[in-house]
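Only one structure is covered here, and it is reproduced in the block below.
The values are calculated or read from the model by the stated rules, or taken from the named source; none is laboratory data. Just so we're clear, the structure is a prediction, and the values are computed from it rather than from any experiment. Ideal geometry is used to build each Cβ from the backbone, glycine not excepted, and the neighbour counts take in all protein chains shown. Heads up: the accessible areas ignore ligands, DNA and RNA and are worked out on the full protein's heavy atoms, side chains in. Shrake-Rupley method; radii C 1.70, N 1.55, O 1.52, S 1.80 Å.
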Amino acid sequence: IKDLFINDYKEVFKVQLPTKEERRAFFEDLVVNQAAKPPASKNNAAWRPLEVLPVAPPPKPRELTEEEIRQLEEQEEDTLRELRIFLRDVTHRLAVDRRFRAFTKPVDPEEVPDYDAVIKQPMDLSAVLSKIDLHQYLTAGDFLKDIDLICSNALEYNPDKDPGDRLIRHRACTLRDTAYAIVREEMDEDFEQSCEEIKESRKKRGISSKYAPSYYHVMPKENSVPGCKKTDSKCNEKMKMPTVPVDSSTPRCNGKLHFIQSFLEKVLRLLIT
């Protein structure tokens with residue numbers, strides 16, 4: 001190995017043994033200055049517990065532009081439109097089932113006079129369809145809550161006493177199970193999650209659907225007859241007459257037309273049953 005290094009080219013460096021003074025100078029700082037010092041006091045700031053600071057609030061979300069808001073609302077409406085189409089199909093399948101005929105329309109107060117005293121929140125499949133049309137369901141879970149309400153109302157009003165009540169209770173439970181089975185089997189979980197996100201987003205933004213149909217439950221207005229005074233008896237008679245909707249092609253139901261309409265309603269009920 002010595003032959004690899006040439007002494008003339010200063011490739012060899014000889015290290016002499018250190019003297020006593022050199023050793024003292026080397027170890028003096030380590031032994032005398034550092035090791036001999038007492039440990040740092042615990043009262044030092046480094047040993048004090050740190051102050052617990054509150055969590056910083058998250059940054060405010062970026063405000064969307066008008067164009068971005070419009071696109072977001074259109075995307076949400078496209079998703080909710082698919083939901084409404086699906087819920088209408090489910091409700092129709094339940095309504096045409098003969099087993100659930102008792103739950104397709106509101107309870108007649110003449111047949112059951114004490115129903116409103118017992119049931120505080122009535123619900124039926126026709127009311128469910130109306131809520132679908134009015135865009136009041138943002139998720140399938142909201143729809144199933146009203147199905148639960150139909151079932152619970154039937155169980156509450158019809159105690160388990162006689163065979164007739166037991167049959168209604170059985171069919172109410174069957175209605176609920178059938179609705180849940182259809183939704184769970186035919187609705188994608190990711191789609192329902194998207195609906196939940198839309199519902200939460202609209203809740204935070206404090207808005208509702210602006211695409212819901214107008215005049216869905218509005219009664220016809222009484223038109224005033226021009227040129228008449230309030231004291232005119234003939235004018236008062238005209239004011240009492242029911243008004244006809246503008247541009248309506250369906251006349252008032254009287255005489256033969258009323259009979260035909262009643263007959264068609266009976267045929268429709270027979271088809272459903």
* Asked: Taking region 1-45, which residues are at pLDDT 85 or above, among the polar types (S, T, N, Q) and open to solvent by less than 100 Å² (accessible area, probe 1.4 Å)?
  -> T19
* Asked: Are there any pairs with C-beta distances below 6 angstrom linking a residue in region 65-90 that is within 30 Å of A181 (Cβ to Cβ) to a residue that is at pLDDT below 90 and outside any helix (DSSP H, G or I), with the two at least 6 apart or on different chains, and if so which?
  -> E77/Y211
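Kindly check whether there is at least one residue in region 129-152 that is aromatic (F, W, Y) and more than 21 Å from T79 (Cβ to Cβ).
no
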* To do: Give the residue that is nearest to C151 (Cα to Cα), with candidates limited to residues of region 169-218 that are in a loop (DSSP other than H, G, I, E, B) and of a type in the set (F, W, Y).
  => Y216
* Among the residues listed as R48, R98, R62, the single one being open to solvent by 100 Å² or more (accessible area, probe 1.4 Å), modelled with pLDDT under 85 and within 37 Å of the chain's Cα centre (by Cα) -> R62
* To do: Go through the residues of region 106-113 one by one and say whether even a single one is modelled with pLDDT of 90 or more and over 30 Å from A179 (Cβ atoms).
  => no
* Residues being open to solvent by less than 80 Å² (accessible area, probe 1.4 Å) and either more than 23 Å from F86 (Cα to Cα) or in contact (Cβ under 8 Å) with a residue 12 or more places away in the chain (or both) - total across region 168-187 -> 12
* Structure fact -> For region 11-30, pairs from a residue that is over 30 Å from I1 (Cα atoms) to a residue that is assigned to a loop (DSSP other than H, G, I, E, B) and not hydroxyl-bearing (S, T, Y), with Cβ under 8 Å and 6 or more apart or across chains, are F26/P18
* **Residue that is open to solvent by 60 Å² or more (accessible area, probe 1.4 Å) and closer than 30 Å to Y215 by Cβ, where the choices are P163, P113, P109** => P109
* **K120 being part of a loop (DSSP other than H, G, I, E, B), more than 21 Å from E200 (Cα to Cα), in contact with a helix residue (DSSP H, G or I) (Cβ under 7 Å, 6 or more places away or on another chain) and among the charged types (D, E, K, R)** => no
* To do: For region 142-152, indicate whether the set of residues that are at positive phi and surrounded by fewer than 15 Cβ atoms within 10 Å (Cβ to Cβ) is non-empty.
  => no
* To do: Name every residue in region 92-117 that is part of a helix (DSSP H, G or I) and not charged (D, E, K, R), in order of residue number.
  => H92, L94, A95, F100, A102, F103, Y115, A117
* Can you tell me which residue among Q34, Q75 is assigned to a helix (DSSP H, G or I) and over 30 Å from R205 (Cα atoms)? => Q34
